[in-house]
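See structure below.
The values are calculated or read from the model by the stated rules, or taken from the named source; none is laboratory data. Here the structure is a predicted model, which is why all the values come from computation and not from measurement. Every residue, glycine as well, gets a Cβ built from its backbone with ideal geometry; the counts of neighbours run over all protein chains shown.
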Amino acid sequence: MKKRKIFLFMLALFAILYSGTFVLIDAFSSNEEIVITASQSENKQIQQRLKELGYYTGNIDGIIGSQSLRAIKNFQRDYGLTVDGIVGPKTLSALGLSSSSSYTSQDLYLLAKCVHAEARGEPYVGQVAVAAVILNRVDSPEFPNTISGVIYQPWAFTAVNDGQINLEPNDSAYSAAKDALNGWDPTYGCLYYYNPKTATSEWIWSRTPVVTIGEHVFAI
Amino acid sequence: MEKSLKRSNIVLIVLSIILAVALVTFVVLYGISMSNQNKLKVDLENIYQRNYSELVDNINNSEIKLSKVAVSGENAYSRNLLSEISKNTAQATTNLGALPISINGISETIKFINQVSGYTQTLSNKLDRGESLSQQELDTLVELKDAFTTLKDRINEMSKNIYNGKIYDASVAFDGDLNKFTQLLQNLKSKDVEYPAMIYDGPFSDSMVNKEIKNLDFSKVTSDVAKDEVLNVFKNVDENSITYLGETNGHFKTYDYKLVTTSDHSMYVQVTQNGAKILTLSVGDFDDTQNYSLESAIDSAIKFTNLTGIKDAICVWSDVVGGDAYINLAPVESGVILYPDLVKVKVDLNSGNVVGFEASSYYTNHTKRSLKTPTLSIQNSKDEVPSSLYVKETRLCLAPLEYNREILCYENICTHEGATYYVYVNATDGEIENILKVVDTDNGNLLM
């Protein structure tokens with residue numbers, strides 16, 4: 001009886017450790033092969049170009065497997081690009097292919113990403129306002145002086161902190177970012193915004209509110 | 001009986017071995033996971049430390065150069081020093097921006113360093129133009145040197161403490177809204193010392209932040225009057241589909257409305273409290289269909305702008321991106337295009353409707369100006385354009401080329417190897433003030 005208990009206990013322990021081990025193995029393997037492309041036809045184009053350039057010898061099937069990945073990485077290494085296996089705009093343009101979601105202007109892309117991460121679900125004008133706040137910070141002496149400096153300032157934006165910034169922006173975010181870059185600013189110089197329902201910081205309440213758009217209060 | 005006991009012992013032994021192997025694997029993987037995490041932490045710490053070291057270097061260098069400027073008088077050497085101080089201080093703010101500082105924690109110090117960068121650049125440009133520095137500017141430079149000496153002493157003192165600790169650890173430990181690292185940095189500013197004020201028109205100057213609004217000298221109206229103006233301009237909107245949203249109380253004061261058009265589009269309109277002028281219009285519209293031509297879009301843009309009360313504006317720039325036309329209009333006075341008073345309009349090429357309007361530059365800058373007569377002829381202005389460029393068209397304009405400075409220029413639209421350039425030649429002395437290149441991107445044409 002006692003032995004049976006020990007046996008069951010060990011079996012349970014074994015099961016726990018076994019599953020735990022796999023979770024860990026999962027965690028290690030998940031971050032190594034990321035290929036960002038739009039569609040299978042785009043993948044085929046990439047494989048075709050890599051084959052023409054002598055980097056890829058496999059089938060043109062639109063499926064990015066380890067062979068395609070190796071080809072992409074070798075290509076990136078030879079062309080002085082970041083060797084990450086990710087087919088981003090730079091790699092596409094080096095391959096002579098243009099990206100289906102076009103963003104040659106890095107600032108516009110970055111701004112659109114931040115707007116999408118911070119304000120998707122907000123009314124359109126609220127998205128323009130978020131983009132305008134970022135641009136107002138670039139001009140303000142109290143903040144970094146470039147768009148990337150402002151967006152990636154540690155702890156400046158929650159959606160940058162938690163990685164949502166890496167989501168692909170939608171049309172609305174692009175359009176809002178472009179409008180703001182073109183001079184639209186429905187907040188007329190605001191440097192801050194917060195959601196009064198969720199804001200935890202105390203000092204944010206000391207800022208002078210200028211306008212409420214959607215869920216956000218914009219302030220100077 | 002004995003046999004089955006033996007068998008169960010064997011099973012137990014085998015299980016124990018499997019368990020032991022699993023345990024070892026688990027521990028090893030856990031170890032790798034932890035060491036990866038530590039490695040990332042060290043990487044992050046190194047980035048922080050690098051930025052901190054550069055910050056200290058940049059502050060120290062600025063202080064030394066400010067002392068040198070204070071004793072070296074006005075000459076080419078000073079001009080270079082001022083320009084270098086501007087770069088050092090700009091770099092210092094970049095370093096500060098990369099450090100884990102709680103937002104708003106040391107904004108006064110960041111603002112001060114940024115303004116020193118703008119101020120020294122402005123003075124350097126002044127010397128470059130052959131002008132001399134005023135007594136007030138020389139006095140300010142001495143004050144800045146003193147302020148930087150304090151800043152330098154503080155930051156060097158602080159470094160001793162910081163290098164013992166870790167910036168990462170100090171950044172994740174919070175005390176109220178601010179992390180420990182920010183609280184340490186707050187010591188950079190003495191409570192009893194005010195940063196010297198810098199009076200200048202240049203990057204980050206206070207005069208740039210709140211530019212005077214020159215063209216809204218009207219009396220304040222009620223939100224009902226503003227609503228009437230909305231109905232006057234948006235003829236296809238039913239009165240019942242206008243919702244009053246509230247006020248904007250910023251640099252511009254407006255009444256804000258939400259409008260729903262007959263085609264079910266939701267529009268956001270801001271009307272100035274002074275004089276009930278339509279200031280901005282924003283509509284989210286992402287249809288790529290093009291039923292209307294750019295020419296008809298320009299017509300709609302001008303008609304709409306006239307309706308808001310802005311007359312005599314012509315199209316100075318247009319571009320089609322996706323299903324929208326972006327159109328810039330500027331008023332013309334005695335044949336001179338007034339670029340500082342730009343009105344920006346966006347027209348949806350699917351419906352032909354105006355879906356964006358922005359007139360804050362117009363109301364900020366448009367005023368009766370006394371425009372000079374150009375001393376340079378059009379032909380002379382073309383001669384000043386670099387010979388590699390072919391001049392297609394020349395027109396007279398008022399260009400906002402520098403901070404709060406408006407200069408009468410000839411705008412020469414030129415081409416070279418298929419690219420378009422805009423060359424601005426000063427209409428008084430023939431100097432080239434600026435050259436812009438039209439950069440054709442997938443997101444439309446940009447002027448750079």
Review point. Given the structure, is A:GLN153 facing chain B (nearest Cβ under 10 Å) and of a type outside the set (Gly, Ala, Ser)?
Key: yes
Exercise for review: Filter the range B:375-391 down to residues that are in contact with a strand residue (DSSP E or B) (Cβ under 6 Å, 6 or more places away or on another chain) and within 11 Å of B:THR428 (Cα to Cα), then give me how many there are.
Suggested key: 1
**Study point:** Of all residues in the range B:53-75 being aliphatic (A, V, I, L, M) and in contact (Cβ under 8 Å) with a residue 12 or more places away in the chain, the one that is surrounded by the fewest Cβ atoms within 10 Å (Cβ to Cβ)
**Key:** B:ALA70
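Can you find even one residue in the range B:335-351 that is loosely packed, with under 15 Cβ neighbours inside 10 Å and in the same structural domain as B:ASP288 (by TED's automatic domain parsing)?
Scanning the range B:335-351 turns up at least one residue that is loosely packed, with under 15 Cβ neighbours inside 10 Å and in the same structural domain as B:ASP288 (by TED's automatic domain parsing).
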Practice item. Determine whether B:TYR195 is modelled with pLDDT under 80, among the hydroxyl-bearing types (Ser, Thr, Tyr) and surrounded by 12 or more Cβ atoms within 10 Å (Cβ to Cβ). Key: yes
Check your understanding: Do we have any residue at all in the range B:126-135 that's under 30 Å from A:ILE204 (Cβ atoms), assigned to a loop (DSSP other than H, G, I, E, B) and at pLDDT below 90?
Key -> no
Review point. Hey, any hits in the range B:104-115 for a residue that's at pLDDT below 95 and within 14 Å of B:LEU141 (Cβ to Cβ)?
Key: yes
Review point. If you take the residues of the range B:201-222 that are among the aliphatic types (A, V, I, L, M) and at pLDDT below 80, which of them is nearest to B:GLY246 (Cα to Cα)?
Key: B:VAL209
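Suppose we keep only residues that are in contact with a helix residue (DSSP H, G or I) (Cβ under 7 Å, 6 or more places away or on another chain) and modelled with pLDDT of 90 or more within the range B:254-271. Which one would you say is surrounded by the fewest Cβ atoms within 10 Å (Cβ to Cβ)? Quick ask: steps written out before the conclusion?
Within the range B:254-271, the first condition is being in contact with a helix residue (DSSP H, G or I) (Cβ under 7 Å, 6 or more places away or on another chain), and the residues that meet it are B:255, B:257, B:259-260, B:268-269, B:271.
The next check asks that each one be modelled with pLDDT of 90 or more; those that pass are B:255, B:257, B:259, B:268-269, B:271.
Details: B:TYR255: 25, B:TYR257: 22, B:LEU259: 20, B:TYR268: 22, B:VAL269: 27, B:VAL271: 26.
It comes out as B:LEU259.
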Check your understanding: Based on what the data block shows, is B:ARG50 exposed (fewer than 13 other Cβ atoms within 10 Å of the Cβ), under 28 Å from the mean Cα position of the chain (by Cα) and in the same structural domain as B:ASN161 (by TED's automatic domain parsing)?
Key -> yes
Point to revise | Sole exception among (1) within 21 Å of B:THR248 (Cα to Cα); (2) touching a Lys or Arg at 6+ places or on another chain (Cβ under 9 Å); (3) part of a helix (DSSP H, G or I) for A:ALA173, by number | key: (1)
Practice item. Check B:SER107 against each of (1) over 21 Å from B:ALA197 (Cα atoms); (2) surrounded by fewer than 17 Cβ atoms within 10 Å (Cβ to Cβ); (3) within 22 Å of the chain's Cα centre (by Cα) and name the one condition it does not meet. Key: (1)
Study note, to complete from the structure: Sole miss for A:GLN153 among (1) more than 20 Å from B:LYS344 (Cα to Cα); (2) touching a Gly at 6+ places or on another chain (Cβ under 7 Å); (3) part of a helix (DSSP H, G or I); (4) among the polar types (S, T, N, Q) is condition (3)
Revision key, fill the gap. When the range B:232-242 is checked residue by residue, the ones that are loosely packed, with under 14 Cβ neighbours inside 10 Å and closer than 21 Å to B:PHE304 by Cα are B:ASN232, B:LYS235, B:ASN236, B:ASP238, B:GLU239
**Study point:** Matching option when the condition is touching a Leu at 6+ places or on another chain (Cβ under 8 Å) and farther than 26 Å from B:LEU259 by Cβ, among B:VAL320, B:VAL336, B:VAL343, B:VAL355
**Key:** B:VAL336
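Taking the condition buried (at least 16 other Cβ atoms within 10 Å of the Cβ), in contact with a strand residue (DSSP E or B) (Cβ under 9 Å, 6 or more places away or on another chain) and in contact (Cβ under 8 Å) with a residue 12 or more places away in the chain, does B:SER124 pass?
No: the conditions fail for B:SER124.
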Check your understanding: Of the conditions (1) crowded, with 22+ Cβ neighbours inside 10 Å; (2) hydrophobic (A, V, I, L, M, F, W, C); (3) over 16 Å from B:ILE413 (Cβ atoms), B:ALA330 fails just one. Which one is it?
Key -> (3)
Revision key, fill the gap. Note on the range B:282-339: residues more than 14 Å from chain A (Cβ to nearest Cβ), modelled with pLDDT under 90 and over 23 Å from B:GLU406 (Cβ atoms) are B:GLN290
